[in-house]
Amino acid sequence: GRLMVHPRGFGFVSPDDGSADIFVKDRHLRQAMSGDHVLVKVLEEKKGNFKGRRGQFTEKTSPHKAFGPSGMVVQILEQGVQWLVGKLELASGEYQVRPLRRELPDAVPVHHGKTRMALKEMLGHWVEAELMRPLEGGRLECRVVRSVSGDDSPMADLLAITAEYQLQPPYSTEECAAAAAMEPVHVPHRIDCR
């Protein structure tokens, strides 16, 4: 099924067959991320009240009702996220990207494809980065591809959101050029009241 990871670290897998979501503890994610299509081994049924899909738990528990299944990721069948947008930061002497999307890891270390000088110039910028998935037991890293925006303004945040979610501009380049080329039409006997 498809995995969605909560910002607190645990996740839920929505099975392809439409059955109840499977709860996955953070330690059982095995480097899978939100959006990944994964193979899950069901471990147990949790006790308590469970309401449908997406892990809607209630506070009151009952030993006679099931929360639903919990499990662990066995294999990542298809990667859901290959690119991310985030702030480039320096922590403990290591460059890292802090993703815009909260369901992704808090920070992803940067693989030094670029020189440290190039990274230093982009420090604090919103950047676009390619995820480099690790082999079993390795660590997740990313490769910074470009700077999205360098200042700390609301417009920079909007540019980052536009890049992360691949939002299209409201008008194409051709439409903007056509609008700029238009000339006002003269209307006889029109009174200018500006």
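The values are calculated or read from the model by the stated rules, or taken from the named source; none is laboratory data. All values derive from a computational prediction rather than experimental measurement. Using ideal geometry, Cβ is built from the backbone for each residue, glycine included, and neighbour counts are taken over all protein chains shown. Calculation scope for accessible area: heavy atoms of the full protein, side chains included, ligands and nucleic acids excluded. Shrake-Rupley method; radii C 1.70, N 1.55, O 1.52, S 1.80 Å.
Summary table
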item: The chain: angle of helix 154-164 to the longest principal axis, Cα-based, in degrees nearest 10; result: 60 degrees
item: Linear extension gain, Ser147 paired with His6, 0.36 nm per residue minus alpha-carbon span; result: 48.0 nm
item: Nearest-20 debye value, the stretch 81-133 charge dipole, Cβ charges on Lys, Arg, Asp, Glu; result: 20 debye
item: Calculated from backbone phi, Karplus (6.51, -1.76, 1.60) coupling profile of the stretch 68-85 in Hz, x at Gly/Pro; result: x, x, 10, x, 9, 6, 9, 7, 8, 7, 8, 6, x, 10, 10, 10, 8, 10
item: Distant alpha-carbon pairs in the stretch 104-194 (separation over 21 angstrom), percent; result: 56 percent
item: FRET efficiency, 1/(1 + (r/R0)^6) with R0 45 Å, evaluated for Ala181 and Asp26 via beta carbons; result: 0.20
item: Counting all C-alpha pairs of the stretch 119-166, share separated by more than 11 Å (%); result: 70 percent
item: Using a Förster distance of 30 Å, the FRET efficiency for Tyr171-Arg102 (Cβ separation, nearest 0.05); result: 0.45
item: With DNA, RNA and ligands ignored, accessible area of Thr115 (1.4 Å probe; Å², nearest 10); result: 90 Å²
item: Pairs of lysine residues in the chain - Cα separation under 13 Å, sequence separation of 8 or more or cross-chain; result: 8
item: For the chain, Kirkwood radius (reciprocal of mean inverse C-alpha pair distance, Å); result: 20.1 Å
item: Per-residue ³J(HN,Hα) for the stretch 18-23, Karplus 6.51 cos²θ - 1.76 cosθ + 1.60, θ = phi - 60°, Hz, x for Gly and Pro; result: x, 6, 4, 4, 10, 6
item: Cα lying deepest toward the dipole's positive end in the chain, options Leu158, Ala118, Leu131, charges on Cβ; result: Leu131
item: The stretch 179-187 - phi-based ³J(HN,Hα) in whole Hz, Karplus 6.51/-1.76/1.60, Gly and Pro as x; result: 5, 5, 7, 5, 10, x, 8, 7, 10
item: The chain: calculated mean residue ellipticity at 222 nm from DSSP helix runs of at least 4, using -39500 (n - 2.57); result: -3500 deg cm²/dmol
item: Approximate shape of the stretch 143-194 as ellipsoid semi-axes (Cα gyration tensor, √5λ), whole Å, largest first; result: 39, 15, 9
